[in-house]
Amino acid sequence: MTNSRISGLYNLPLDERRTKVADSADFPPEGLTPFTTGGLSPEAADHMIENAIGLYSLPLGIGLNFQVNGRDVLVPMTLEEPSVVAGASFMAKLARAGGGFQATTSAPEMIGQMQLLDVDDIPSARLKIYEHKSELLAEADAIDPVLKKFGGGARDLEVRIIEDSPIGAFLVVHLIYDVRDAMGANAVNTACERLAPRIEAITGGRVHLRILSNLADRRIARVRCVIPVKELAFETVGLVPATGDHEGRPYVYTGERVRDGIIEAYAFAASDPYRAATHNKGIMNGVDAVVIATGNDWRAIEAGAHAYAARSGRYTSLSTWGRDADGNLVGTLEMPMAVGIVGGATKVHPAAQAAVKLMGVKTASELAEIIVSVGLAQNMAALRALATEGIQRGHMTLHARQVAIAAGASRELVEKVAAQMVAEKVVRIDRAEEILKGMK
């Protein structure tokens, strides 16, 4: 059974971290080999995209402390931005005190769209499609016998009239398709292609576009967490941006103050699209990192998330933060989550396969529940930092290391150069170069 609580993992050398992670997940050490090699060969890459000439690597870290629906899980996260893995892991630790993350998903139903043009009588054509609904669904259902065997297939047909467009009114037919443990793009697109001639025959119109929609608002992942207010309290030393004082002296943030600061920061995002864009980007820092690690389509997830955030006609926060009757902090996140564990890069890329196995994921829904939990944890990490010490304090400590490396610091000098820049509160490549010259 996995134990996601690994104390001091960041202090260990790389080899020992991998050993510790394998032990904590009761996972064979050799199963982590794709994470050390990148997993993908140039020859395999050549079959994945056009004009391939090589590979491009990103760091892969492990999100710790996550407990999702009562199960501990070690979460592979692939991204280049400092502080995300650490922030999400720390917030997951706080969430454990309140029972961890409680997540659910709706049925894995995707939407295929068919744009129907050149129809003489649009209202009549719409009704004709509904009159043939059962036979259209039966035809779509017979396209993929393997998917049907596992309980998937056509579920419903919806017909919409688009009134106001640059080319005038037209019809859009939505095929609702259960794709089970796949992301579903290929299955849905194939079904739409197959139905198009039949819809043209029924209506006398012309089916133009036949394509999956990435606004997967029928495939929703939801998560909730409760953070006991006492867990939010902490002590810091140094400048406190909210007050501008206490330089060099301990300052205690009470749990109530941190809680209220997070709720106030959320209110900003809920009310203002300029803030909401950055707020939701923080959520996607966590979400995308797991989506990429598992070989899923992060562009589709991004598109669906931001479209869903604007579904009311105004772009707003994907998450909510408030307090319960006992004064504890309560967070929720709801968003489309079209991810799969079969097909695509998830089955081709060895590192993606290793990521899925490490998490012990058996279904796409389970993966979606983990991903949305990481998104909520990372959102809380960003809000907590913004509402207290400021986002730069923790972020810049890690960023300083990258700046030191970019300035040419050797492995032995990276930490020294970074530490001096952080102490001076000047993290720039020109200053790193000056510090290096002094050390040499």
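The values are calculated or read from the model by the stated rules, or taken from the named source; none is laboratory data. If you're wondering where the values come from, they're calculated on a predicted model, not measured in any experiment. Please note: Cβ atoms are built from the backbone with ideal geometry, for glycine as well, and neighbour counts cover all protein chains shown.
Some points to look at:
- Taking the criterion of being closer than 12 Å to residue 294 by Cα and in a strand (DSSP E or B), the only residue of the stretch 324-353 that qualifies is 342.
- Residues of the stretch 35-83 that turn out to be without any contact (Cβ under 8 Å) to a residue 12 or more places away in the chain and surrounded by 15 or more Cβ atoms within 10 Å (Cβ to Cβ), as a count: 1
- Tabulated pairs, the stretch 403-429, first under 23 Å from residue 11 (Cα atoms), second modelled with pLDDT of 85 or more and of a type in the set (Ser, Thr, Tyr), C-beta under 9 angstrom, 6+ apart or interchain: none
- In the stretch 203-221, the residues that are within 15 Å of the chain's Cα centre (by Cα) and among the β-branched types (Val, Ile, Thr): 220
- Residue 278 vs. criteria modelled with pLDDT under 95, surrounded by fewer than 17 Cβ atoms within 10 Å (Cβ to Cβ) and hydroxyl-bearing (Ser, Thr, Tyr): no
- Only a single criterion out of (1) buried (at least 20 other Cβ atoms within 10 Å of the Cβ); (2) modelled with pLDDT under 95; (3) not assigned by TED's automatic domain parsing to the domain that holds residue 291 is not satisfied by residue 29, namely (1).
- Among (1) in contact with an Asp or Glu (Cβ under 9 Å, 6 or more places away or on another chain); (2) in a loop (DSSP other than H, G, I, E, B); (3) within 19 Å of residue 63 (Cβ to Cβ) - the single one residue 301 does not satisfy: (2)
- Inside the stretch 328-352, residues that are among the polar types (S, T, N, Q) and either modelled with pLDDT under 95 or buried (at least 24 other Cβ atoms within 10 Å of the Cβ) (or both) make up a count of 1.
- Any hit, the stretch 212-223, residues being surrounded by 21 or more Cβ atoms within 10 Å (Cβ to Cβ), out of contact with any Pro (no Cβ under 7 Å at 6 or more places or on another chain), part of a strand (DSSP E or B) and basic (Lys, Arg): no
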